[in-house]
1. Could you tell me whether any residue of the range 133-145 is touching a residue at least 60 places away in the same chain (Cβ under 8 Å) and under 17 Å from residue 219 (Cα atoms)?
2. Of these, 80, 105, which one is touching a residue at least 24 places away in the same chain (Cβ under 8 Å), touching a Gly at 6+ places or on another chain (Cβ under 9 Å), within 26 Å of residue 212 (Cβ to Cβ) and surrounded by fewer than 17 Cβ atoms within 10 Å (Cβ to Cβ)?
3. It is to be established whether one or more residues within the range 194-204 are among the acidic types (Asp, Glu) and buried (at least 19 other Cβ atoms within 10 Å of the Cβ).
4. Taking the criterion of being under 23 Å from residue 212 (Cβ atoms) and not aromatic (Phe, Trp, Tyr), would at least one residue in the range 129-141 satisfy it?
5. Just give me the residues in the range 84-101 being under 14 Å from the mean Cα position of the chain (by Cα) and of a type in the set (Lys, Arg), in sequence order.
6. Test of understanding: among 218, 222, which residue is within 14 Å of the chain's Cα centre (by Cα), touching a residue at least 40 places away in the same chain (Cβ under 8 Å), under 30 Å from residue 37 (Cα atoms) and surrounded by fewer than 19 Cβ atoms within 10 Å (Cβ to Cβ)?
7. Counting only residues that are within 16 Å of residue 83 (Cβ to Cβ) and among the hydroxyl-bearing types (Ser, Thr, Tyr), which one in the range 129-144 is surrounded by the fewest Cβ atoms within 10 Å (Cβ to Cβ)?
8. Please determine whether any residue of the range 95-102 is of a type in the set (S, T, N, Q) and farther than 21 Å from residue 208 by Cα.
Amino acid sequence: MPKMLKYILSISLLVTSINSFSQEKTEEEKKKIPFEPGIAVGLNVGTFITPFFEPERIGMEATGRIKFNRKWFAVGELGYENVSFNKESYNYDSNGSFLRLGIDYNIFKVEETGNNDNIILGFRYGFGVADYKSDRFTVTDGYWGDYLGSIGSGTSTAHWGEFVFGLRSEIFKNFYMGWSARFRLLALTNNTQQLEPYAIPGYGKNDNRTNVGFTYNLEYYLPLKKKK
């Protein structure tokens, strides 16, 4: 029996030593993971899907991302959105553009060399501006009769904040695909016409002070220096 205990103790010490050596090697490998600063440029392809569900809205959005350390990214998003529709009692047209600026933090813990996947938490400041008008509207009144009118071109500006959660993965060398969910909080609007805009470019429909949006991006990463 003492020999058996001695044998078990020896095996345990051997396994512990191997495991400890393996962990130390892994930590050493992590230190050797190269950092490549760079710029990623891409498109939000979700804007091409939106017209299938909301035909009155068309637009495009480009993205830029600067990686300045292993965890932090500076992000810029620029685009435009046009809205046009005809209802029985009125029509509506608007043309606008938007800009979002912010940061992303990668909470994904890299465990192996060459893994460039990201789990993103971020924030954006958004600004949108649009020119809008209604060439025709009808106010129905059974007593005095219907009133026909129009509202000339006006300008709307808006400011909002966005909290971002997303996933981003390198599917080919320097080519990334990812999505993000956005919780948006409208902070300030200013309209030059009494008519409020139907939608705010980059924010969404102007029917609530809060909004939830989604993006689906394709990006190409341009390293600023080559690995040695």
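The values are calculated or read from the model by the stated rules, or taken from the named source; none is laboratory data. The shown structure was predicted, so the numbers you read here are calculated from the model rather than taken from an experiment. Methodologically, a virtual Cβ is constructed for each residue, glycine included, from the backbone with ideal geometry; neighbour enumeration extends over all protein chains shown.
1. Checked the range 133-145: no residue is touching a residue at least 60 places away in the same chain (Cβ under 8 Å) and under 17 Å from residue 219 (Cα atoms).
2. So the residue among 80, 105 that is touching a residue at least 24 places away in the same chain (Cβ under 8 Å), touching a Gly at 6+ places or on another chain (Cβ under 9 Å), within 26 Å of residue 212 (Cβ to Cβ) and surrounded by fewer than 17 Cβ atoms within 10 Å (Cβ to Cβ) is 105.
3. Within the range 194-204, not a single residue is among the acidic types (Asp, Glu) and buried (at least 19 other Cβ atoms within 10 Å of the Cβ).
4. Scanning the range 129-141, I find at least one residue that is under 23 Å from residue 212 (Cβ atoms) and not aromatic (Phe, Trp, Tyr), so the answer is yes.
5. Of everything in the range 84-101, just one residue is under 14 Å from the mean Cα position of the chain (by Cα) and of a type in the set (Lys, Arg), namely 100.
6. When all the criteria are applied, what remains is 218.
7. For the range 129-144, the residue satisfying everything is 134.
8. Scanning the range 95-102, I find no residue that is of a type in the set (S, T, N, Q) and farther than 21 Å from residue 208 by Cα, so the answer is no.
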